[in-house]
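Q: Quick one: structure below, then a few questions.
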Amino acid sequence: MAASDASANDTSAAMEAGGLMPVQNTTVQIKSEVLTISPWRIEVEYVFVNRTESDVTTTVMFPMPDYPLREMHFSPWSVPYSGRPNFLQFTTQVDDIDVKMTPEIRAVLPKSGRDVTDDLRKLGVPFYVDLSPYRETMNENIYRKLIELGAIETIDEEEDVPLWTVKTSFYWRQTFPAGKELRIRHRYIPGVFKSFVSEKEDEWCTDEAYKAKVRSILKEKAEKSSYINGRAVKYILRTGANWAGPIEKFKLKINKGSGVSLVSTCAILGLFIKKEGETFVAEAQNYTPREDLNILFVMK
């Protein structure tokens with residue numbers, strides 16, 4: 001299975017050349033965070049607290065998944081609203097009031113690190129593009145310029161593949177009142193990579209119970225299909241450490257829900273996951289995230 005895309009924790013941010021860059025915030029702390037993950041929805045609920053005697057205004061950033069277009073061209077992938085800046089229908093509320101966010105979108109060639117954002121804009125080439133049908137109407141000069149940039153790979157006479165990775169973040173200016181709590185909530189549809197899974201998936205540290213269940217599912221499906229579908233979701237958790245101090249109370253909920261047979265993930269430093277009904281739960285106090293999440297959902 002191909003590696004999945006990633007979603008990310010809030011982080012304080014500053015505008016720097018080349019785009020948004022996370023910075024450490026030493027005055028505002030995450031008092032609590034509840035992170036709920038399923039193959040169909042991710043929701044994050046925070047309570048922030050400014051423990052100083054002065055209001056703190058900062059830029060808050062939520063980095064979206066990287067989208068490496070070449071990899072996605074050859075992999076089964078699912079983006080809810082492909083071709084739009086807000087391709088995961090990401091929404092934010094602060095104290096139950098909707099927040100208008102600004103997208104920051106960059107296109108970068110992963111091998112060289114070259115930023116081709118302005119080049120693509122000048123050429124009028126969409127960031128999210130399937131080049132094969134687009135090629136039929138593309139101006140020949142534009143096509144040659146993309147080749148000169150090293151931004152496309154020609155597979156054959158009828159197929160061209162974009163080589164850039166799209167990097168998107170949403171940001172807004174936020175004031176944290178002195179000595180008060182502030183509630184921030186995010187919701188969005190995860191973009192997932194979909195593929196077939198096997199008995200052994202090292203990336204998700206599958207155990208013997210997993211392998212036995214997969215064999216059982218394959219046996220049940222024998223007359224209809226020899227494949228099992230999986231959906232992988234990654235979540236960038238470490239940026240939560242950019243706020244002041246540890247997260248006082250952290251709770252992770254992985255919702256299995258209908259349509260999912262199995263859930264697998266590797267051990268997460270500082271968290272112990274237990275099963276509660278159809279949900280896997282981990283709780284921690286004074287938690288500093290050191291690792292990101294990578295979760296495999298095996299579909300029925």
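The values are calculated or read from the model by the stated rules, or taken from the named source; none is laboratory data. Just so it is clear, the model here is predicted, and its values are computed rather than measured. Positions of Cβ are backbone-derived with ideal geometry, glycine not excepted, and every protein chain shown enters the neighbour counts. In case anyone asks, the SASA skips ligands and DNA or RNA and just uses the protein heavy atoms, side chains included. Shrake-Rupley method; radii C 1.70, N 1.55, O 1.52, S 1.80 Å.
Residues checked against (1) at pLDDT 75 or above; (2) open to solvent by less than 30 Å² (accessible area, probe 1.4 Å); (3) more than 17 Å from Asn9 (Cα to Cα):
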| site | (1), (2), (3) |
| --- | --- |
| Glu53 | yes, no, yes |
| Thr59 | yes, yes, no |
| Asp66 | yes, no, no |
| Arg70 | yes, no, yes |
| His73 | no, no, yes |
| Pro80 | no, no, yes |
| Pro85 | no, no, yes |
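Q: For segment 152-193, which positions are surrounded by 13 or more Cβ atoms within 10 Å (Cβ to Cβ), over 20 Å from the mean Cα position of the chain (by Cα) and among the hydroxyl-bearing types (Ser, Thr, Tyr)?
A: Listed by number, the list holds a single entry, Thr154.
Q: Do you know which residues across segment 274-289 are within 25 Å of Glu181 (Cα to Cα) and open to solvent by 50 Å² or more (accessible area, probe 1.4 Å)?
A: Selection gives Glu283, Gln285, Asn286.
Q: Output the residue which, of all residues in segment 123-151 that are β-branched (Val, Ile, Thr) and surrounded by 10 or more Cβ atoms within 10 Å (Cβ to Cβ), is modelled with the lowest pLDDT. So that I can check it myself, show each step before the final result.
A: Taking segment 123-151 first, the residues β-branched (Val, Ile, Thr) are 125, 129, 137, 142, 147.
Still in the running and surrounded by 10 or more Cβ atoms within 10 Å (Cβ to Cβ): 125, 129, 142, 147.
On the way: Val125: 89, Val129: 68, Ile142: 90, Ile147: 92.
Only one residue tops the list, namely Val129.
Q: Scan segment 226-273 for residues that are in contact (Cβ under 8 Å) with a residue 60 or more places away in the chain, surrounded by fewer than 17 Cβ atoms within 10 Å (Cβ to Cβ) and touching a helix residue (DSSP H, G or I) at 6+ places or on another chain (Cβ under 8 Å) and jot them down.
A: Answer for segment 226-273, where residues must be in contact (Cβ under 8 Å) with a residue 60 or more places away in the chain, surrounded by fewer than 17 Cβ atoms within 10 Å (Cβ to Cβ) and touching a helix residue (DSSP H, G or I) at 6+ places or on another chain (Cβ under 8 Å): just Cys266.
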